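Report on the following structure.
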Amino acid sequence: MSENQNTRDNRAEYRQDTVMAHEYDGIKEFDNRLPNWWMWIMWGSMIFALGYWLVFQTLHLRPESQEQFAIAQQKAQEAQLARAAAQGLDNNFLVMMSQTASKVAEGREIFVKHCVACHLDKGQGLVGPNLTDGVWIHGCEPMLMLKTVTDGVPAKGMPAWQNQLGPTRVQAVVSYVMTLKNTNVPGKAPEGQPCQF
């Protein structure tokens with residue numbers, strides 16, 4: 001028997017349907033080889049998945065995609081903030097502001113310009129109280145903080161910032177101050193009541 005004829009016989013035998021030994025309700029199961037096109041798709045998918053995992057997850061060869069994600073996330077946060085602002089100011093709105101990096105950064109700039117004289121650069125307190133502990137004189141709820149910054153506390157020497165900064169900049173400062181709470185920077189001794197918010 002020649003080699004070509006032997007190969008043809010093997011192919012013919014290989015393509016035959018093989019009936020499995022069991023049968024159920026007259027249904028017989030065949031043990032067929034998967035088609036080549038299906039196998040190529042399976043192996044190609046596995047190789048693609050491995051390459052994708054290496055490039056994007058392990059080797060981080062595409063860092064700009066992470067930057068794009070951060071930008072998209074910031075835009076989404078700002079859109080969510082705009083929707084919340086349309087519904088009106090409340091504690092949840094100010095908490096959302098304190099979780100938005102751009103608003104916190106804006107608040108930090110305003111804090112550095114106007115508030116460090118009394119609260120120092122990290123909020124640890126000098127003339128004004130320590131903003132980094134868990135004890136607050138006028139309440140630590142976001143709306144109470146907003147009221148304190150907006151109206152001031154003339155009896156304690158804190159000016160009202162509403163007219164100088166405007167409402168959006170006051171909100172930004174409050175969002176930054178909220179990030180200082182419970183960072184416990186050593187400074188002025190605690191004053192007031194423990195924060196429950």
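We did not get these values from a lab; they are worked out from the coordinates using the rules stated. Model, not experiment: these values are computed from the prediction. Here Cβ is always computed from backbone atoms with ideal geometry, including for glycine, and neighbour counts include all displayed protein chains.
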To test your reading of the geometry: what angle, between 0 and 90 degrees and rounded to tens, separates the Cα axis of helix 63-87 from the longest principal axis of the chain? 50 degrees
Counting only Cβ distances under 4.7 Å between cysteines, those in the chain with no partner are Cys115, Cys118
What are the ³J(HN,Hα) couplings of segment 52-60, residue after residue, when phi is run through the Karplus curve with 6.51, -1.76, 1.60 and θ = phi - 60°? Round to Hz, x for glycine and proline. 4, 4, 5, 5, 8, 9, 8, 8, 6
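Please list 18-31, 126-139 highest first by mean number of surrounding beta-carbon atoms within 10 Å per residue.
Details: 18-31: 8.6, 126-139: 19.2.
Ranked by mean Cβ neighbours within 10 Å, highest first: 126-139, 18-31.
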Distance cut-off 20 Å, Cα to Cα: go down the list Lys156/Lys188; Lys147/Lys181; Lys122/Lys188; Lys103/Lys181; Lys122/Lys181 and report the pairs above it. none
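Beta carbons within 10 angstrom, averaged per residue: use that to sort the peptides 102-113, 171-182, highest first.
Working: 102-113: 17.0, 171-182: 22.1.
By packing density, highest mean first, the sequence is 171-182, 102-113.
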Using a Förster distance of 41 Å, how high is the FRET efficiency between Glu29 and Ala49, based on the Cβ-Cβ distance and rounded to 0.05? 0.85
Separation between the Ile41 and Gln99 pseudo-spin-labels, each 7 Å from Cα along Cα→Cβ, expressed in nm? 4.1 nm
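In debye, nearest 20: dipole of the chain around its Cα centre with unit charges on the Cβ of K, R (+) and D, E (-)? Walk me through the numbers before you get to the answer.
Numbers: 17 positive and 19 negative charges, 205 e Å.
Around 980 debye, computed over the chain.
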Out of residues 5 or more away from Lys181 or on other chains, whose amide H comes under 5 Å of its own, with H placed 1.01 Å from N in the peptide plane? none
Between (i) 70, 19, 16; (ii) 32, 20, 16; (iii) 46, 23, 14, which entry matches semi-axes √(5λ) of the Cα gyration tensor in Å as derived from the coordinates of this structure? (i)
For Val135, residues with placed amide H under 5 Å, excluding near neighbours: Cys195
